[in-house]
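To start, the structure itself, in structure tokens.
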Amino acid sequence: MADIKIDSKVFQERISHFVNAWKADKRSGDALFGGVSSIAILMGKVDANPEFHKNNAMHFWLLGYEFPTTLMLLTLDTLYILTTQKKAKYLDQIKGGRFPVEVLVRGKDNAENEKLFVKITDAIKAAGKRLGVLTKDTSKGPFVDEWKKVFAEKCKDVEEFDIAQALSAGAFSVKDEAELRAMRTSSKACVALLTPYFLDEMSNILDQDKKIKHSALADKVYNKLEDEKFWKTVSLPNGQRLPSDFDPEQLDWILGPVIQSGGKFDLKWQSDSDNDVLHPGVIIAAMGLRYKSYCSQIARTFMVDPNKSQESNYKFLLSVHNLILKEIRDGVAVKDVYNKALNLVRSKKPELEKHFLKNVGFGIGLETKDPTLILSGKNPRVLRDGMTVCIMTGFSDIQNPNPQDKDSKVYSLIVMDTVRVTPSETVVFTAEAPMDVDATSFFFKDEEEAQPTPKKEKRERVGAVATKNITSTRLRSERATATDEVAEKKRREHQKILAAKKQKEGLAKYAESKADQNGVEVKKFKRFESYKRDNQFPPKAKDLGIVLDPKNVTIVLPIMGRPVPFHINTIKNVSKSDEGEWSFLRINFLSPGQGVGRKDDQPFEDASAHFVRSLTFRSTDGDRYAEIANQIGNLKKDAVKKEQEKKDMEDVVEQDKLVEIRNRRPAVLDNVFIRPAMEGKRVPGKVEIHQNGIRYQSPLSTQQRVDILFSNVRHLFFQPCEHELIVIIHIHLKDPIIVGNKKKTKDVQFYREATDIQFDETGNRKRKYRYGDEDEFEAEQEERRRRAELDRLFKAFAEKIAEAGRSENIEVDMPMRDLGFHGVPFRSNVYIQPTTECLIQITEPPFMVLTLEDIECAHLERVQFGLKNFDLVFVFKDFSRSPYHINTIPVESLEEVKEFLNTSDIAYSEGPLNLNWSVIMKTVTQDPHQFFLDGGWGFLQNDSDADDGEEESEEESAFEIDDSELGEVSESSEEDSDYDSNASADASEEAENSDEEEGEDWDELERKAKKRDRESGLEEEDLRANAKKQRKR
């Protein structure tokens, strides 16, 4: 009790308030206090399991603490307190106030102690012959026995009167703001333990079909009271946190936790949670807490797969509960509240009247249950503003007309809240815990209708080799190389419109007043602080040696007899050299004007100041210098690495908390893998759809999970397993998150392999026919069916995700494979496919997702005659982003790529060479306004127009050329090929042959074309066919 502080101001206010109520009652006829002239409050020895009664409550209400072995005698003009010497010194804090206080100190002398008791009895007789006492007081101990003996001897003429109701009405019932604040905090703590903690535990147990006893689950909740981390991080269902000054050490249990299910219910909470197993039917959870001596209670009923009768009765219970809350207000008699609730039961559902509880609540506060404020049909007491009551609405032992099992034949329903009485609308302190049917009902059976398996259609039997596998030869003469001139002309006109539009938008966006708004980032001078005070130096610095301080990332060097700290970021490098018996350690510092490169081009606060470029130390201990140089180098590497990691994590945002679905089982896609992969063993997990996002849960650990909120989803893709080995649901995020291996990512993918090695495809059935590979055909059909089922499953789940995230405008997008093309966006050649809004490659990492609306323009590089491939570069509207390159696209896809860009309203240009985009973008970002004034991206378009003009002139001349000029055309094509550094030797030989042979006929040209096809491997099928014919001969 060393830190006991009694608030004398609160003490004076409360005792004055109580005495004034006492005097007012005397003036009005002694209806409440019974005409008593003094009041005795006796506290005995504290039991091992103390109970809260009105004597304890009086101590807490007046003093804020409980003082055992203490007697209080209150008269209309003085408060006498008889206690031990140790406690008496704390009571000195309340002396000297407006209301007199006299403290009598007991000692070890029994005779002196008896004299003090006699003094108290004299004060009782002096005040009057009627003493107010607590008749149900159960105080025990030698102190109590001694007082009772003296009182019986000295006060034979004094009449005792029970003032329990007077204490309740005059002191405890109506609470001030400080008491109400403690009540609110206590109620919020109850809500936090019930929802989310108990609800989470119960949901997981039911979801996983675990068996757990009521007592074991109650112990989990009971022990959570000591978990300080839980109280610091817990959020209430409405997203709010507990008050900032909340102290979990002042929490204590007053009820339970009580958990009941399986047909055995006791709504009086007279017994603890039993050892029966939690039954998935009607589950009741009740609990109560005390915070700073003030109590609150809460109870909720949860129903698992309820039938219509149970749902109807629960809804009716809520209507009765809401009626009681509506009737609880200042000036209303308690019995009227109960009778109105009972009349509603009689009128709406008379069959439930016998199950209705005998009271609908009680007063609560310092006492766990105020026996003078029971909300029954016979209590005439009137409610007052500032009272706090516990509303308990329930039906006990209702017969279930459609029981699921033997433990579901009988059930009870209850809702309990702690509320405050006001002149108008009732304030419900525990309102954050939901009680509506949707929030308290769980549905695990018949959640999803089983989809009937489609009947297999009888198809006409075909051979082992499908007809679609028979492909035509890919001869060059059969390729559709001729372009549609009308379509090409329309495309050029559309591109000119797009280019003009981009130029106009650029000038409007980067007006002269907004120049440099999207320019290069200006480097800022960074300050590095090693120590704030001298006493923070490492102890070894006093020895005037070279000291490394990894904790503060600093090197302390001795200069002119003083230790001088240098932050590691001020050091450029360190070198160690040997000359004779001496070893030299040279430390080079960063300083302006070095001109080493861009990395060292850092700003300085005052570049004209004097800088120390290097310091050299010498010693005969070469090994020591080598070790120092190595340590400084490692410290420099660690600092650079840490800075880079910090820079990489700058755009990573902390997502809001995922709100889980509680009242039903969430939609689940099981047996899927995630990319990027989680740490540890590669095992499939499951994906769940919740209220505001999705969660991937690994079976290895509950901590290995990935939460993705719908608000952070930019694109949702579904890619079927047609032509692929996996079926994919891919999510492209707005902001990167951290997944698995502690690396940030903007793409999260869930997939399952389409090929399943579990199936026995060796064909163990008997053959029906002696011809044809029927087993292989059946295996192909089974593989096709399995792939179709996978596509259906993943597509349906992707649509569920989109439906759940419709508030964030999430839609499922599918790649259009027919419009795809091969390319190299990173290192490997992949198949790139367009979607409605993007250009993607999500089959193998690293993934590529380009949003079309983010693209400013596109440029086709290496588009020239004789090359087999070209490159595609995308420039983003955000000029700070580096252009995106897709290299080595086959020239056969050129027209398809142009058509895709044109239909997507992306302005594109083309050129014969690769451009230096880093230089171009640097020019653009330095002054975007001037860039667009100079024509913007027109410098790319002009080259394209020039090339197009040359092609058009060549096409026009080709129609007018005659046989005599054919040789000149061959020479011009040969000269063009000389400028191509990437042209092959075959092409150059062809050019020479065309120079020597003029006017070759079509047969000769076709023969040479076939020869080139054979050399390039495009006629392998024909070669194999010829080889088979030769073997047959």
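Counting only residues that are closer than 15 Å to Ile632 by Cα and more than 42 Å from the chain's Cα centre (by Cα), which one in the stretch 529-552 is surrounded by the fewest Cβ atoms within 10 Å (Cβ to Cβ)?
Gly545
Tally time: how many residues in the stretch 1-42 are among the hydroxyl-bearing types (Ser, Thr, Tyr) and in contact with a helix residue (DSSP H, G or I) (Cβ under 6 Å, 6 or more places away or on another chain)?
The qualifying residues number 3.
Working only within the stretch 870-909, note down all residues that are in contact with a Lys or Arg (Cβ under 6 Å, 6 or more places away or on another chain) and open to solvent by 40 Å² or more (accessible area, probe 1.4 Å).
Within the stretch 870-909, Val891 is the sole residue that qualifies.
Inspect the stretch 553-563 for any residue being of a type in the set (S, T, N, Q) and at pLDDT 90 or above and give the result as yes or no.
yes
Can we say Ser608 is at pLDDT below 80, among the small types (Gly, Ala, Ser) and out of contact with any Phe, Trp or Tyr (no Cβ under 7 Å at 6 or more places or on another chain)?
When the stated conditions are applied, Ser608 passes them.
Of all residues in the stretch 811-834, which are closer than 30 Å to Gly693 by Cα, among the β-branched types (Val, Ile, Thr) and buried (at least 20 other Cβ atoms within 10 Å of the Cβ)?
Ile832
Answer yes if at least one residue in the stretch 569-579 is hydrophobic (A, V, I, L, M, F, W, C), within 23 Å of Asp621 (Cα to Cα) and either modelled with pLDDT of 85 or more or surrounded by 11 or more Cβ atoms within 10 Å (Cβ to Cβ) (or both), and no otherwise.
For the stretch 569-579, residues hydrophobic (A, V, I, L, M, F, W, C), within 23 Å of Asp621 (Cα to Cα) and either modelled with pLDDT of 85 or more or surrounded by 11 or more Cβ atoms within 10 Å (Cβ to Cβ) (or both): present.
In the stretch 153-203, which residue that is basic (Lys, Arg) and modelled with pLDDT of 90 or more is nearest to Gln240 (Cα to Cα)?
My answer is Lys188.
Restricting to the stretch 845-868, count the residues that are of a type in the set (A, V, I, L, M) and part of a strand (DSSP E or B).
6
Of all residues in the stretch 188-216, which are part of a loop (DSSP other than H, G, I, E, B) and within 19 Å of Ile254 (Cβ to Cβ)?
Those that are part of a loop (DSSP other than H, G, I, E, B) and within 19 Å of Ile254 (Cβ to Cβ): none in the stretch 188-216.
Let me confirm something: among Glu627, Glu654, which residue is open to solvent by 70 Å² or more (accessible area, probe 1.4 Å), within 18 Å of the chain's Cα centre (by Cα) and either free of Cβ contacts under 8 Å to residues at least 60 places away in the same chain or within 25 Å of Thr843 (Cβ to Cβ) (or both)?
Result of the check over Glu627, Glu654: Glu654.
Here's the yes/no breakdown for (1) modelled with pLDDT under 90; (2) in a loop (DSSP other than H, G, I, E, B); (3) touching a Cys at 6+ places or on another chain (Cβ under 8 Å):
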{"site": "Ala218", "(1), (2), (3)": "no, no, no"}
{"site": "Tyr222", "(1), (2), (3)": "no, no, no"}
{"site": "Lys229", "(1), (2), (3)": "yes, no, no"}
{"site": "Ser235", "(1), (2), (3)": "yes, yes, no"}
{"site": "Asn238", "(1), (2), (3)": "yes, yes, no"}
{"site": "Trp253", "(1), (2), (3)": "no, no, no"}
{"site": "Pro257", "(1), (2), (3)": "no, no, no"}
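For the stretch 398-435, how many residues are acidic (Asp, Glu) and over 30 Å from Val382 (Cβ atoms)?
2
Mind listing just one residue for me: the one in the stretch 396-439 that is over 30 Å from Gly331 (Cβ atoms) and of a type in the set (Val, Ile, Thr) and, of those, most open to solvent (accessible area, probe 1.4 Å)?
In this case the residue turns out to be Val410.
Condition check ((1) touching a residue at least 24 places away in the same chain (Cβ under 8 Å); (2) among the basic types (Lys, Arg); (3) open to solvent by less than 50 Å² (accessible area, probe 1.4 Å); (4) at positive phi) across all residues:
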residue: Lys210; (1), (2), (3), (4): no, yes, no, no
residue: His214; (1), (2), (3), (4): yes, no, yes, no
residue: Asp219; (1), (2), (3), (4): no, no, no, no
residue: Trp231; (1), (2), (3), (4): yes, no, yes, no
residue: Leu236; (1), (2), (3), (4): yes, no, yes, no
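Report yes if Leu366 is aliphatic (A, V, I, L, M), within 26 Å of Pro401 (Cβ to Cβ) and modelled with pLDDT under 95, otherwise no.
no
If you go through the stretch 273-292 one residue at a time, how many are within 25 Å of Val389 (Cβ to Cβ), open to solvent by 20 Å² or more (accessible area, probe 1.4 Å) and in contact with a Leu (Cβ under 6 Å, 6 or more places away or on another chain)?
0
Which of the residues that make up the stretch 240-251 are surrounded by 14 or more Cβ atoms within 10 Å (Cβ to Cβ), in a loop (DSSP other than H, G, I, E, B) and in contact (Cβ under 8 Å) with a residue 60 or more places away in the chain?
Residue satisfying the conditions is Phe246 alone.
Need pairs with beta-carbon distance below 7 Å; first residue among the hydroxyl-bearing types (Ser, Thr, Tyr) and within the stretch 387-401, second surrounded by fewer than 19 Cβ atoms within 10 Å (Cβ to Cβ); sequence gap 6+ or separate chains.
Ser396/His355
Given the options Lys335, Lys326, Lys354, name the one that is open to solvent by 30 Å² or more (accessible area, probe 1.4 Å), touching a Pro at 6+ places or on another chain (Cβ under 7 Å), at pLDDT below 95 and not in a loop (DSSP other than H, G, I, E, B).
Going through Lys335, Lys326, Lys354 in turn, just one is open to solvent by 30 Å² or more (accessible area, probe 1.4 Å), touching a Pro at 6+ places or on another chain (Cβ under 7 Å), at pLDDT below 95 and not in a loop (DSSP other than H, G, I, E, B): Lys335.
Please find, among Arg346, Arg300, the residue that is open to solvent by 20 Å² or more (accessible area, probe 1.4 Å), charged (D, E, K, R) and closer than 25 Å to Leu373 by Cα.
Arg346
Within the group Phe797, Phe826, which residue is in contact with a Leu (Cβ under 6 Å, 6 or more places away or on another chain) and not in a strand (DSSP E or B)?
Answer to the selection: Phe797.
Determine, yes or no, whether Phe362 is open to solvent by less than 20 Å² (accessible area, probe 1.4 Å), in contact with an Asp or Glu (Cβ under 8 Å, 6 or more places away or on another chain) and without any contact (Cβ under 8 Å) to a residue 60 or more places away in the chain.
yes
So Leu366 passes all but one of these: (1) part of a loop (DSSP other than H, G, I, E, B); (2) in contact with a Gly (Cβ under 9 Å, 6 or more places away or on another chain). Which condition number does it fail?
(2)
Which one of these is in contact with a helix residue (DSSP H, G or I) (Cβ under 8 Å, 6 or more places away or on another chain), part of a strand (DSSP E or B), surrounded by 16 or more Cβ atoms within 10 Å (Cβ to Cβ) and at pLDDT 75 or above: Leu635, Leu585?
Leu585
The values are calculated or read from the model by the stated rules, or taken from the named source; none is laboratory data. Nothing here was measured: the structure is a model prediction, and the numbers come from that model. Here Cβ is always computed from backbone atoms with ideal geometry, including for glycine, and neighbour counts include all displayed protein chains. We work out accessible area using only protein heavy atoms, side chains counted, and drop any ligands, DNA or RNA first. Shrake-Rupley method; radii C 1.70, N 1.55, O 1.52, S 1.80 Å.
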